[in-house]
Amino acid sequence: MRVKVLFFGQVKDIIGRAADELELPPGSTLQSVFDHYAAPAPRLRQMESSILMARNQEFSPRGAALADGDEIAFLPPVSGGSTPHWTHHITTPEGHFFALTRQPLDGGAVARQILAPTDGAFVNFEGVVRNNSKGRATRYLDYECYEAMAIQVMARIGAEIAAAHDIGRIALVHRLGRLEIGETSVAVVVASPHRRAAFDAALEGINRLKKTVPIWKKEHFADGEVWVEGEWDDSLLSR
C-alpha cells in the first residue's frame, strides 16, 4: 500500500522536505512510518516522545493500522483594515468563527463580526510579535501549520469552550507566514453577556490553542534561526 507523509516544523528540516510518498507492506502502523524515517535520522529518534502523529487529519496512536491512500503527518510540539482573506475558515450555526489567514489580523474587527445585541462585553486577546527572545534580537517570525487539520482542531476547541462557559460566541484566528515585529499572530475573541465568562473563556482559548493546534513558529535572528520548541497538551500525549 502507498501513503502520503507530511512533515512540519523541526521535522521538516530534519527530513529535508515537506512531503513524501511511502510504499508499505500490509499490516503497517503509524509506528512503522515513524521508524522508517527515524532510522537514518537520529535527531528524529531523540524527539520521538514529543512528536505526535495524525492519520487522515486526526490525532492517532502509533499502533493505528494504515490503509492504502492514508495521509500521515508528523507533528512536533506546537509553539502557538480591509477584510482578511481566510486561507481556511469555519462559521458554525451558533455563530462561532475559526480561521487561518496570511494577511494582517485585526482582532477588533473579528470581535465586531461575532458581537450580538444580547452581549454586554467582548474580550479580545491578541498575541503579537516581540523584538527579542531570550536575549537575542528577533528580526521576524514564520508560522506554518497543518492547515486542514488545524482548522478542525480549532473548531473543536471552540465548541468545547463555548459549552463550558456562559458566553455568546467565540472566535479563534491564527495568522500564517512571515510576521514582522508588532504584528498580530493570533486572536482569541469571546463575546458574552457578562465580562467574567468572556475573560475565562478567552484565557482557556489561548492556552488550549497553543498546546493542541498543529501550528509551528520559527524565529529569525541576525545570526541564525530556530524553531521554537513548545509542548503538546498532556491529554494528547496519553493517547
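Each value in this text was obtained by applying a stated rule to the coordinates, not by laboratory testing. Not measured: the values here are computed from a predicted model. Quick reminder, even Gly has a Cβ in these numbers, built from the backbone with ideal geometry, and neighbours come from all protein chains shown.
Across the range 40-57, computed HN-Hα scalar couplings (Karplus, 6.51 cos²θ - 1.76 cosθ + 1.60, θ = phi - 60°) run x, 10, x, 4, 5, 4, 5, 8, 3, 5, 9, 9, 9, 10, 10, 10, 6, 6 Hz from first to last residue, x flagging Gly and Pro. Rounded to whole numbers, the Karplus 3J(HN,Hα) couplings from phi for the range 169-184 are 9, 10, 10, 10, 9, 10, 8, 10, x, 7, 10, 8, 4, x, 7, 7 Hz, using 6.51 cos²θ - 1.76 cosθ + 1.60 with θ = phi - 60°, and x at Gly and Pro.
Pairs of Cα atoms in the range 2-75 fall into 10 Å distance bins, from 0 up to the last occupied one, in shares of 20, 61, 19 percent. In this structure the amide hydrogen of Trp232, modeled in the peptide plane, comes within under 5 Å of the amide hydrogens of Val78, none closer than 5 places in sequence on its chain. Computed from the Cβ-Cβ distance with R0 of 35 Å, the FRET efficiency linking Asn56 to Ala137 stands at 0.25. If R0 equals 25 Å, the separation of the Cβ atoms of Glu71 and Arg156 corresponds to a calculated FRET efficiency of about 0.85. Magnitude of the charge dipole for the chain, about its Cα centre and with charges confined to Cβ atoms of Lys, Arg (+1) and Asp, Glu (-1), is about 360 debye. Counting beta carbons within 10 Å around each of Val33, Val78 and listing the fewest first gives the order Val33, Val78.
Using Cβ point charges alone (K and R +1, D and E -1), the dipole size of the range 2-75 about the Cα centre works out to roughly 220 debye. Counting only helical runs of four or more DSSP H residues, what would the 222 nm mean residue ellipticity of the chain come to if each run contributes -39,500 (n - 2.57) and the total is spread over all its residues? Calculated mean residue ellipticity at 222 nm is -8500 deg cm²/dmol.
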